[in-house]
Amino acid sequence: MPIAIPSGVNIDIKDNVVSVKGPKGELSQKVDPSIVVKNEDGHLVFEIDENNPVNYKQKQAFHGLYRSLVNNMVVGVSEGYKKELELVGVGYRVSNQGNVLEFSLGYTHPIFLQLPQEVKVETKSERNQNPQIILESCNKELLGLICAKIRSFRMPEPYKGKGILFKGEVIRRKSGKSASAK
């Protein structure tokens with residue numbers, strides 16, 4: 001499937017490196033030599049290079065991988081990505097000073113996390129609601145890594161439903177040992 005290039009997005013292909021520049025930022029991705037990338041009539045087309053000695057199944061896997069990575073880059077620099085996390089638990093708090101997040105998650109000490117410059121962060125703490133973290137970036141891969149790191153501080157647990165969850169995520173609850181005794 002060709003990737004449509006939205007207006008305001010510039011794409012440069014040089015030495016198997018695809019660079020995408022748009023209103024939200026600039027990203028680049030190295031592409032395997034077994035895949036040929038062409039810019040045709042406002043669309044990016046990915047083709048398998050038949051002359052490359054890599055086996056055909058590997059070429060097919062690379063074809064889908066790089067098409068998806070470049071598509072994520074195009075969407076990121078034109079629209080951007082946004083992830084929302086919420087802290088569920090008594091006394092769980094989060095605040096930010098610029099790009100430094102401070103977590104209070106029931107441990108004996110606060111946890112500090114320095115975020116990269118490409119990620120914009122906002123925290124919300126309203127009365128009678130769970131604290132929220134809103135992360136925005138043009139790089140989908142980096143945003144996913146940061147969300148995974150934040151979740152690793154307090155993984156959601158199935159007995160009480162406490163932890164750091166994505167907004168709208170539902171945790172399958174388990175009954176405790178008292179339910180199985182009967």
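The values are calculated or read from the model by the stated rules, or taken from the named source; none is laboratory data. Computed from a predicted structure; not experimentally measured. Note: ideal-geometry Cβ built from the backbone for every residue, glycine included; neighbour counts use all protein chains shown. Accessible surface areas use protein heavy atoms only, side chains included; no ligands, DNA or RNA. Shrake-Rupley method; radii C 1.70, N 1.55, O 1.52, S 1.80 Å.
When LYS82, LYS38 are checked against the criterion of being among the basic types (Lys, Arg), more than 21 Å from the chain's Cα centre (by Cα) and exposed (fewer than 14 other Cβ atoms within 10 Å of the Cβ), a single residue qualifies: LYS38. Scanning the stretch 145-167 for residues that are closer than 30 Å to VAL77 by Cβ and touching a residue at least 24 places away in the same chain (Cβ under 8 Å) returns ILE146, CYS147, LYS149, ILE150, ARG151, PHE153, ILE164, LEU165, PHE166, LYS167.
Is it the case, given these coordinates, that SER152 is in a helix (DSSP H, G or I), small (Gly, Ala, Ser) and either at pLDDT below 90 or closer than 30 Å to GLY22 by Cβ (or both)? No, not satisfied.
Does VAL77 meet the test of being under 24 Å from the mean Cα position of the chain (by Cα), within 25 Å of VAL121 (Cβ to Cβ) and open to solvent by less than 50 Å² (accessible area, probe 1.4 Å)?
yes
Of everything listed in (1) modelled with pLDDT of 85 or more; (2) over 27 Å from GLU118 (Cβ atoms), the single unmet condition for PRO53 is (1).
Annotation: of all residues in the stretch 25-35 being charged (D, E, K, R) and modelled with pLDDT of 90 or more, the one that is surrounded by the most Cβ atoms within 10 Å (Cβ to Cβ) is GLU26. Pairing each residue of the stretch 29-54 that is touching a residue at least 12 places away in the same chain (Cβ under 8 Å) with any residue that is among the charged types (D, E, K, R) and open to solvent by less than 30 Å² (accessible area, probe 1.4 Å), provided the two are 6+ apart or on different chains, yields C-beta distances under 6 Å for SER34/LYS59; ILE48/LYS59. Reported count of residues in the stretch 123-144, each being free of Cβ contacts under 8 Å to residues at least 40 places away in the same chain and more than 22 Å from ASN71 (Cβ to Cβ), is 7.
For the stretch 96-122, a residue qualifies if it is over 28 Å from VAL9 (Cβ atoms), in contact with a Ser or Thr (Cβ under 6 Å, 6 or more places away or on another chain) and either in contact (Cβ under 8 Å) with a residue 12 or more places away in the chain or buried (at least 16 other Cβ atoms within 10 Å of the Cβ) (or both), and exactly one does: ASN96.
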